[in-house]
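*Asks:* Sharing a structure below in structure tokens format, with a few things to ask.
Nothing in this text is a laboratory measurement; each read-out follows from the coordinates by a stated rule. In this text the structure is predicted, and so the values were computed from the model without any measurement. Using ideal geometry, Cβ is built from the backbone for each residue, glycine included, and neighbour counts are taken over all protein chains shown.
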Amino acid sequence: MTSNTGEVSSSEGWNWSFFDKVEGLDSKKMENCFSCGICVGDCPAAKNSSYNFRKIICDVALGEEEKVLSSKEIWYCYTCFQCIPKCPWSIGIPYVIYRLRKLAMEEGYGWDLIEILSGVGRNLIEIGLSISPRDYARMDPKKAEMELAKSRLEMGLSERYEVSEKAIEELKIILGETGFREMLDNLEERVKESKESSENY
Ligand code: SF4
Ligand code: SF4
């Protein structure tokens, strides 16, 4: 049954085809979820964006497959796991979000965001830091670098944080041995293919 806000209050009228595709969802637990909302209040992604897990899961129950998989919201979760101990029904929100992202990627959605995330991995291999001022290229990288240096100096730190050559070499070995580098190479290849072939990119 759905309310006039589109929210779901019981499993009557659910569309099971999408619900079942998002493996691991328990319909009994989800009914409690729709009237809960505890996680939304404390979620940093919800505070800073239109992300709302409860709304996403309501849309899943209503069978809004296209709407959910093509949405930017499923990419807004920070995977910070703050919600895990707070959820009274052990829904495992970030894991549900992972599964939705995987389904979205299979449909050709989200690859523009995967490209940004793979850049974080590439930074780690090349400079030993996941984020660097060069990531602000779309803004003003020089200005970003200067502001970062200014903030660091104000905090009594050196102008910029640099990882030693030795540490970067060690990190490269670890990331190679653990398969991270290979996984990233594959991911970048898929981003490239997706750019060439998908209308959804
Ligand atoms: S805390 Fe758990 S049960 Fe409550 S709205 Fe969030 S996911 Fe649903
Ligand atoms: S893991 Fe995602 S849903 Fe949970 S609190 Fe963090 S940002 Fe919010």
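*Asks:* Need the full-extension length gain, Asp20 to Ile38, defined as separation in residues times 0.36 nm minus the C-alpha distance. One decimal, nm.
*Replies:* Values: separation 18, 0.36 × 18 = 6.48 nm, distance 2.43 nm.
The span from Asp20 to Ile38 would gain 4.0 nm if fully extended.
*Asks:* Have a look at Lys28, Lys67, Lys143 and tell me which one the Gaussian network model of the chain (Cα, springs below 10 Å) gives the largest fluctuation.
*Replies:* Among Lys28, Lys67, Lys143, the largest GNM mean-square fluctuation belongs to Lys143.
*Asks:* Spin-label point model (7 Å from Cα, Cβ direction): what's the Ala167 to Tyr95 distance in nm?
*Replies:* 3.4
*Asks:* Here is a follow-up. When the chain is treated as a GNM, springs tying every alpha-carbon pair under 10 Å, which of Lys21, Lys142, Lys172 comes out with the largest mean-square fluctuation?
*Replies:* Of Lys21, Lys142, Lys172, the most mobile in the Gaussian network model is Lys142.
*Asks:* Further, regarding this structure: Applying 1/(1 + (r/R0)^6) with R0 = 30 Å to the Cβ-Cβ distance of Ile174 and Leu117, what FRET efficiency is obtained, to the nearest 0.05? Could you put the intermediate results ahead of the total?
*Replies:* Details: r = 19 Å, r/R0 = 0.65.
That pair, Ile174 with Leu117, gives E of 0.95.
*Asks:* Angle check, please: helix 141-154 long axis (alpha carbons) against the longest principal axis of the chain (alpha carbons), in degrees 0 to 90, nearest 10.
*Replies:* Approximately 80 degrees, to the nearest ten.
*Asks:* Contour minus end-to-end for Ile84 and Met183, with contour as 0.36 nm per residue of separation and end-to-end as the Cα-Cα distance? Present the calculation step by step, with values, prior to reporting the outcome.
*Replies:* On the way: separation 99, 0.36 × 99 = 35.64 nm, distance 2.71 nm.
Extending this stretch completely gives an extra 32.9 nm.
*Asks:* What list of ³J(HN,Hα) values in whole Hz, one per residue of region 178-184 in order, does the Karplus curve 6.51 cos²θ - 1.76 cosθ + 1.60 (θ = phi - 60°) give from phi, with Gly and Pro shown as x?
*Replies:* 7, x, 5, 4, 5, 4, 5
*Asks:* Given an 8 Å cut-off on Cα distances and at least 6 residues of separation, report the relative contact order of the chain as a percent.
*Replies:* Relative contact order of the chain: 17 percent.
*Asks:* Between Lys29 and Met105, what's the calculated FRET efficiency when r is the beta-carbon distance and R0 is 30 Å? Round to 0.05. List each step's numbers first, then the result.
*Replies:* Details: r = 26 Å, r/R0 = 0.85.
Working from the Cβ atoms, E equals 0.70.
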